[in-house]
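The values are calculated or read from the model by the stated rules, or taken from the named source; none is laboratory data. All values reported here derive from a predicted model rather than from experimental measurement. Accessible surface is based on the protein model in full, side chains and every heavy atom, while ligands, DNA and RNA are left aside. Shrake-Rupley method; radii C 1.70, N 1.55, O 1.52, S 1.80 Å.
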Amino acid sequence: AKGEAKGTWQRYQSDLHTAMVQRLETRAALHEAIDNEQFAVMYQPIVDLGSAETVGMEALVRWQHPTRGLLGPYHFIEAAEESGAIVEIGRWVLCEALREIARMHAAEPDTTLRYVSVNVSARQFRTPGFVDQVREALADSGADPQWLLLEITESLLLRDADQVRNDLGELRALGVRIAIDDFGTGYSSLSYLRQMPVDVLKVDKSFIDDILGSEQQRALVDAIVTLARNLDLAVVAEGIEDEGQRAELIAMGCPYGQGYLFSKPVWPHEIAAGRRSSEEA
Ligand code: C2E
Ligand code: CA
Ligand code: CA
Ligand code: CA
């Protein structure tokens, strides 16, 4: 039994070692990928549910891995969060997304595509100087702050709420809008919604998936849409895959959505947006 225990201990040590080596390898690979400009950004249109007109787009990072091909965030975001590489990657995505929206507005000033939505990890947000980073990225790209929506998660609002509220307020003062991503999946209380300077709620796909099949899911989404309306927030429903879901969301009064029904994430030149008519402009 003694030998067995020792074996277990050694196995444990060796597992720890392997995990550590893998983490170090991934960390090195991610930093190399940053240096070698292996990241790319795809964009998924956000549409007006009634007209299906594109009103915005979400920036979604990809890793053009030299041997493994085009990798989605599932393959590397967790490692990037753990190693801290997410701070650099996120900064790059923000700059790239702002350059892209500035290019689009320069090419078509009357575009219906008014903003780009950028995911910000909690770790990136909490890095000292984040607000200055945003300010610089806006200045460098020449993008209007109104063209930027930052997506944060509920969990960010739980710790150091005063600091977070303060930073969000500074971003808002710049003219940048704030969305809560994956709304409803976190553990936060609803009271922060009144206290935090937030503009948009994004309803997580897991709530949308079964709105036709489950009366409970439908009621939940309906409640979120009503809550948002009463708090004067915009709502975006995520992961809409069929016309039935779209119709249901319109019936609830949900104004915006994104999902495969309208478009998967695509490269910037594949984004199709309309032009505002002269009466609107
Ligand atoms: P998210 O922010 O919730 O983004 C939506 C995800 O759902 C995207 O996956 C998108 O491709 C996918 N999606 C959109 N519509 C549909 C649909 O109709 N059906 C299905 N099945 N999926 C749909 P993606 O691009 O793989 O990104 C996964 C997650 O990675 C994102 O979830 C976000 O949390 C994270 N992420 C992506 N880019 C960044 C980034 O630049 N920074 C950070 N911190 N996180 C990022
Ligand atoms: Ca998002
Ligand atoms: Ca989301
Ligand atoms: Ca989601």
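So here's what we get for this one:
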quantity: Rounded accessible area per residue of the stretch 1-154, 1.4 Å, Å²; calculated: 51 Å²
quantity: 0 to 90° range, to nearest 10: angle between helix 243-252 axis and the chain longest Cα axis; calculated: 70 degrees
quantity: Carbon plus sulfur fraction of accessible area for the stretch 199-274, probe 1.4 Å, in percent; calculated: 49 percent
quantity: ³J(HN,Hα) computed for each position of the stretch 166-179 - Karplus, 6.51 cos²θ - 1.76 cosθ + 1.60, integer Hz, glycine/proline x; calculated: 4, 5, 4, x, 5, 5, 4, 5, 5, x, 7, 9, 10, 10
quantity: Contact order normalised by residue count of the chain, Cα under 8 Å, 6+ apart, percent; calculated: 19 percent
quantity: Angle between the chain longest axis and helix 2-35 axis [Cα atoms, degrees, rounded to 10]; calculated: 40 degrees
quantity: Computed [θ] at 222 nm, helices only, for the chain once each DSSP H run of length n ≥ 4 contributes -39500 (n - 2.57); calculated: -14500 deg cm²/dmol
quantity: Exposure of Glu108 as accessible area (Å², to 10), given a probe of 1.4 Å and all protein chains; calculated: 60 Å²
quantity: Antiparallel content of DSSP bridges confined to the chain, in %, to 5; calculated: 40 percent
